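Inspection log for the structure reproduced underneath, given as C-alpha cells.
The values are calculated or read from the model by the stated rules, or taken from the named source; none is laboratory data. A quick note: this is a predicted structure, and the numbers were derived from the prediction, not measured. Here the Cβ positions follow ideal geometry from the backbone for every residue, glycine too, while neighbour counts run over all protein chains shown.
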Amino acid sequence: MQYSLNDVRVIHEDNHLIAINKPPGLLSQGDATGDPTALDLGKLYIKVRYDKPGAVFLGSIHRLDRPVSGVIVMARTSKALTRMNKLFQDRKVTKTYYALTRKKPEGESGRLKHYLLKDHDKNITKAYDKLGRRTAKAKESILDWKLVAMVDHYYLLEINPLTGRSHQIRAQLSTVGCPIVGDIKYGSRQKIDGRSIALHCSSMEFAHPTTKEIIKVSAQMPQTEIWKRFFSADKG
C-alpha cells in the first residue's frame, strides 16, 4: 500500500509537537518490511510545508499498531521528545479509544486487569489472569471500558488504557471473549477491507511539554461503513 502527503491529516501542530490522524494500515515506525511510516510522512509534511533543506528532525514518542487508526503524536524538538517520553512513562497521558466488538464484557462498564506477555517471534501478546512461573516476566495491564451504544449487533466500547502495553486492548478484549471486529489475529471471525481493525485512538490529553498547557488532540473516526453505524461525518 502506497501513502503520500494526501494521507497526512494534521490535527495538531506547534513549534514542539505535531500530531496526525493515522490511517489504518500505515506503520507508526519502521520495520523489516521497509514500508512508509507515519514518521516518514510527518517529516515529509514538515519539509514541504516549511521548505526545510536537508534532514528534518521528528522524534517518535509512541506507536499505534499498523491496523489501528487515530491520534499519533510526534516531537519536533529533542526537548519535547524527552519530556513527552517521560509523560508516557509516568502515565500522565489520557488516551481514549473506540472499539467495535460483536460481544461485550459483562455489565455496562468495568475494568480489565491482566498480565501480558509478548511473543516477539509471532508478534502476538497473551493475557493471563495472574502471574505464574512461566509468566514471571508478564507486565500488569489495566484498562477501563464502558458501553457507548449497540447497533445491528455491534457494540461500541469506549476504552481508556491505564497502561501502555503492546497490543494491550486487542489482547485484553480477546481474552474476555470480545475480540475487536476485524482482528483476525486475536480471534475475530470478521474481516474488514484493507489492513484495518475496528480500533481507533480518538483522543489524547496531556500537559504540553514546554508551555504546560493542557492539550487535547482529537482524531475524526474513519469514514468507513463499519464506523458510520455510530459516527457520521459531522460528528466525527
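Quick test of your reading of the structure: Gly187 fulfils all but one of (1) touching a residue at least 40 places away in the same chain (Cβ under 8 Å); (2) surrounded by fewer than 16 Cβ atoms within 10 Å (Cβ to Cβ); (3) farther than 24 Å from Asp7 by Cβ. Name the failing condition by number.
Going through (1) touching a residue at least 40 places away in the same chain (Cβ under 8 Å); (2) surrounded by fewer than 16 Cβ atoms within 10 Å (Cβ to Cβ); (3) farther than 24 Å from Asp7 by Cβ one by one, Gly187 breaks only (1).
Can Arg91 be described as under 18 Å from Val217 (Cα atoms), not small (Gly, Ala, Ser) and not in a strand (DSSP E or B)?
Working: under 18 Å from Val217 (Cα atoms): yes; not small (Gly, Ala, Ser): yes; not in a strand (DSSP E or B): yes.
Against the criterion (under 18 Å from Val217 (Cα atoms), not small (Gly, Ala, Ser) and not in a strand (DSSP E or B)), Arg91 qualifies.
Let's see how each residue does on (1) under 30 Å from Tyr155 (Cβ atoms); (2) touching a Lys or Arg at 6+ places or on another chain (Cβ under 7 Å); (3) surrounded by 12 or more Cβ atoms within 10 Å (Cβ to Cβ):
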| position | (1), (2), (3) |
| --- | --- |
| Asp7 | yes, no, yes |
| Asp14 | no, no, yes |
| Asn21 | yes, yes, yes |
| Lys47 | no, no, yes |
| Lys95 | yes, no, yes |
| Thr101 | yes, no, yes |
| Lys104 | yes, no, yes |
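Of a type outside the set (Val, Ile, Thr), farther than 20 Å from Pro179 by Cα and at pLDDT below 95: which single residue out of Lys137, Lys118, Lys92, Lys79 fits that description?
Lys137
Would you confirm, using the coordinates I've provided, whether Leu41 is closer than 25 Å to Val8 by Cβ, in contact with an Asp or Glu (Cβ under 9 Å, 6 or more places away or on another chain) and either loosely packed, with under 14 Cβ neighbours inside 10 Å or without any contact (Cβ under 8 Å) to a residue 40 or more places away in the chain (or both)? If you could, list the steps in order and put the result at the bottom.
Values: closer than 25 Å to Val8 by Cβ: yes; in contact with an Asp or Glu (Cβ under 9 Å, 6 or more places away or on another chain): yes; either loosely packed, with under 14 Cβ neighbours inside 10 Å or without any contact (Cβ under 8 Å) to a residue 40 or more places away in the chain (or both): yes.
So Leu41 passes the test.
Yes/no matrix, rows are residues, columns are (1) of a type in the set (A, V, I, L, M, F, W, C); (2) part of a loop (DSSP other than H, G, I, E, B):
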| position | (1), (2) |
| --- | --- |
| Thr163 | no, yes |
| Arg170 | no, no |
| Ile192 | yes, yes |
| Ile197 | yes, yes |
| Ser203 | no, no |
| Ile215 | yes, no |
| Pro222 | no, yes |
